[in-house]
Amino acid sequence: MNGSVEQTRQTYQGWDEFYNKDIDEKLDFFKLNGRLFDVIFAQQFDRPFMDYLCKIADMIRLLAQTKMGQEKLRHLLPHKRAMLYFVQPSTRTFLSFQNACYILGLSVSESRGTSTSSEVKGESSEDTIRTFASYVDLIIARHPEAGFAEKTAWVLNQTDRPVPILNGGSGPDQHPTQALLDIYTLERSFQHIGGLDGKKIAMVGDLKRGRTVRSLSYLMKNYNDVSLYFVSPDIFRMKDDIKKFLKKRDIPYYETDDFESVMPLVDAIYMTRIQKEYSDGPSNEADTYPEFHFKKEHLSIIQPHCTIMHPLPRRYEIEVEVDNDPRAAYWQQERNGMWIRAALIAYIFGVESEILSEFS
Ligand code: NCD
């Protein structure tokens, strides 16, 4: 026997209707007892939640500095099990979630592709996820399809064993937990200059297909007087849905392809990679778009407090010589992913008050 069987397509009554609803009408469906249950979209997070989560992440980070603190954290959730279902490549999101689970004492199972699961026999993704739910208490999923995490959460929430779903990246659409760590990084970078409120942020690169900048843009709704500078080649401009969202909330944004003109103006520069894996038409594969790279010489143009971020992996967007500048935040940013994801998991299971009480 070789080759795989075509995947079974199942029809779920009511799914299309739900999927096409306005996002604000869907939010309650992913809550339980007034608290966040599934994490699917960045729009689910409001300001009090963001501030609370950043505080929990800070506490976890502090506790993790000592053996005794680590032991306390590990005793919070040893009775829980998580499944990491990552059928799209990942290094940071996978490892930071896995280690966030270890920090809190959860046991972890993983599937990193469809080739070794019953999906080879044609099992639908929905049945596959339902099977995970039979064994574990939390599912963290990364999938190439937009809407995948949403659909599985929607399916599971109608069963007698709903377990929380955390979206670890849904195609070119959203990456809500990346947005959490990005906000945490911005807030930490600006902790002595009033936090994220009032800041100017440039997002640079492939804004059309980069899910991180999409999710991060949504989260700007929670901050006062923030303005965004979208810097991209014309073919990779930010999509209209995000621009419409920003307009509706009076969040100013500017679009340009002149990166150097924006550099001295902003408080943060969020670099991104060209998402070649989503190429659908003829594009110049060899082009790395050097006008949208951050080079060593640019360090003298940006403000002394300007923070340089990147969700990583990088290609040529940031020269390695930039890495040792104190304003380069991307290595700290990836580590922040572990702290904020641990905070999120602690919150989902309702044990965060035990962390906070350590410091009261
Ligand atoms: C990002 C992703 O997967 O969207 N990476 C990540 O999660 N840290 C960004 C990217 O792949 O460009």
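Only the coordinates and a few stated rules stand behind these numbers; no lab work does. Remember, predicted model here, so these are calculated numbers, not experimental data. Heads up, the Cβs are rebuilt from the backbone with ideal geometry, glycines too, and the neighbour counts pull from every protein chain shown.
Brief remarks follow.
- Note on the chain: with charges restricted to the Cβ of Lys and Arg (+1) and Asp and Glu (-1), its dipole about the Cα centre is near 780 debye.
- Ordered by the count of other Cβ atoms within 10 Å of each Cβ, fewest first, Lys239, Lys67, Lys208 give Lys67, Lys239, Lys208.
- Amide H within-cut-off set for Tyr253, under 5 Å, with H built and near neighbours excluded: Leu228
- The phi-based Karplus calculation (6.51 cos²θ - 1.76 cosθ + 1.60; θ = phi - 60°) puts the 3J(HN,Hα) values of the range 242-250 at 5, 5, 5, 4, 5, 4, 4, 9, 6 Hz, whole numbers, x for Gly and Pro.
- Treating r as the C-beta distance of Leu32 and Ile301 and R0 as 41 Å, the FRET efficiency rounds to 0.25.
- Most mobile listed residue (Leu63, Leu84, Leu106) in the chain, GNM with C-alpha springs under 10 Å: Leu63
- Only DSSP H runs of four or more residues enter the estimate; each adds -39500 (n - 2.57), and after division by the residues of the chain the mean residue ellipticity at 222 nm equals -10500 deg cm²/dmol.
- By other beta-carbon atoms within 10 Å, ranking His192, His310, His79, His298 with the fewest at the front produces His192, His79, His298, His310.
- In this rough spin-label picture, where each label sits 7 Å from Cα along the Cβ direction, the Ile23-Tyr278 distance is 1.4 nm.
- Cα-Cα pairs of the chain separated by more than 26 Å (percent): 51
- If the chain linking Glu291 and Glu260 were pulled fully straight, counting 0.36 nm for each residue of separation and taking away their Cα-Cα distance, it would gain 10.3 nm.
- On the basis of the beta-carbon distance and an R0 of 45 Å, Tyr316 and Asp46 show a calculated FRET efficiency of 0.75.
- Only one residue of Val155, Gln98, Ser117 has its Cα farthest out toward the positive end of the dipole of the range 88-163, where Lys and Arg carry +1 and Asp and Glu -1 on Cβ, and that residue is Gln98.
- Violating pairs (Cα-Cα greater than 31 angstrom) within the set Lys248/Lys296; Lys80/Lys276; Lys26/Lys243; Lys72/Lys208: Lys248/Lys296; Lys80/Lys276; Lys72/Lys208
- In this simple spin-label approximation, Val120 and Met68 carry label points 7 Å from Cα along the Cα→Cβ vector, and these lie 5.1 nm apart.
- Annotation: aspartates and glutamates with alpha-carbon distance below 18 angstrom to Lys55 (same-chain offsets under eight excluded): Asp46, Asp182, Glu187, Asp197, Glu334, Glu352, Glu354, Glu358.
- Per-residue ³J(HN,Hα) for the range 296-309, Karplus 6.51 cos²θ - 1.76 cosθ + 1.60, θ = phi - 60°, Hz, x for Gly and Pro: 3, 5, 6, 4, 7, 8, 7, 5, x, 9, 5, 9, 10, 10
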